[in-house]
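No value in this document is a laboratory result; all are computed from the given coordinates. What you are looking at is a predicted structure, and each value in this text was computed from that prediction instead of being measured. Positions of Cβ are backbone-derived with ideal geometry, glycine not excepted, and every protein chain shown enters the neighbour counts.
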Amino acid sequence: MRFPVLSAVILGLAFPAGADTHWPSETDVVTPTAAGLSVTREDGTALAEIPFGTGFQDTMHRLIGIYGHEVDIFFPQECGAGPMVSARIPEAITLLFQDDRFGGWFLGRRDLLTTDTGLWHGAPVENLTTAGGASFFESGLGTEFESAGLFGLLSEDGERIEAVWTGLNCIFR
């Protein structure tokens with residue numbers, strides 16, 4: 001009599017209720033969007049949205065499950081938007097938080113993620129037309145663009161995308 005009960009307890013611990021629910025995995029795909037971040041499985045199955053306004057801990061908990069614990073945290077002091085926290089995930093993305101809330105992201109040199117509209121560091125400027133067009137303007141940084149709620153900077157020759165960002169930022173013009 002004890003053996004079946006003990007077996008049931010062991011199996012219950014080995015296969016807890018909800019074991020088929022998703023936990024962030026190294027194979028999940030993070031895609032920056034104009035509204036925050038989208039997380040999918042490798043096959044494109046939607047798993048979660050991380051919209052702007054999500055708390056710091058919730059955002060980082062999900063991303064650390066995907067990218068690991070190597071995160072560089074900075075506290076930019078001189079931003080026009082006010083005090084913020086910058087969380088840089090090497091070779092992926094920089095996230096910006098203000099008042100403990102996810103408020104923006106930045107893709108630049110050495111970042112490997114691609115937006116949902118097909119923009120990334122080094123992408124050809126033609127990708128802006130497939131993303132729905134863009135408006136261009138000159139600033140102290142060079143030629144900037146806006147496309148479908150995303151902003152960015154072109155290379156000096158105007159042929160490549162140097163950076164893409166949206167939401168909260170700490171960019172000096």
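Expressed as a rounded percentage, what relative contact order does region 23-112 have, with Cα pairs under 8 Å and six or more residues apart?
The value is 22 percent.
For the chain, what does the helix formula give at 222 nm: sum of -39500 (n - 2.57) over DSSP H segments with n ≥ 4, over the residue count, nearest 500 deg cm²/dmol?
The helix-only estimate for the chain comes to -5000 deg cm²/dmol at 222 nm.
Under 1.5 on a/c is rounded, so check that first for region 23-112, then, if it is not, pick prolate when a/b is larger than b/c and oblate when it is not; a ≥ b ≥ c are the square roots of the alpha carbon gyration tensor eigenvalues.
Note, shape of region 23-112 comes out prolate.
Could you work out the local net charge near Leu37, counting Lys and Arg as +1, Asp and Glu as -1, over the other residues with Cβ closer than 14 Å to its Cβ?
-3
Can you give me the distance in nm between label points at Thr27 and Arg101, each placed 7 Å from the Cα along the Cα-to-Cβ direction?
3.6 nm
Between Ala48, Ala34, Ala81, where does the largest GNM mean-square fluctuation fall for the chain, given springs only between Cα atoms within less than 10 Å?
So, out of Ala48, Ala34, Ala81, the one fluctuating most is Ala81.
Just report the Cα centroid separation between region 121-173 and region 41-76, whole Å.
Cα centres, region 121-173 to region 41-76: 24 Å.
Assuming R0 = 45 Å, can you tell me the calculated FRET efficiency for the pair Arg41 and Ala81, based on Cβ-Cβ distance, to the nearest 0.05?
0.85
Within the chain, what's the longest run with no GluC sites (Glu not before Pro) in a DSSP loop and at most 12 other beta-carbon atoms within 10 Å? Give the range, please.
In the chain, the maximal stretch lacking such sites is 92-125.
How are the Cα pair distances of the chain distributed, in percent, across 10 Å bins from 0?
9, 33, 30, 14, 6, 5, 2, 1
Using DSSP to call loops (not H, G, I, E or B), can you name the trypsin sites (Lys or Arg not before Pro) in region 85-160 whose Cβ has at most 14 other Cβ atoms within 10 angstrom?
Arg109, Arg110
Fully extended, how many nm does the chain gain between Thr129 and Ser155 (0.36 nm per residue separation, minus their Cα-Cα distance)?
Separation in residues times 0.36 nm, less the Cα-Cα distance, equals 7.7 nm.
Volume per residue, Å³, of the convex hull around the alpha-carbon atoms of region 28-71?
So the per-residue hull volume is 69 Å³.
Quick one: compute the contact order of the chain, relative version, from alpha carbon pairs under 8 angstrom and 6+ residues apart, as a percent.
Relative contact order of the chain: 17 percent.
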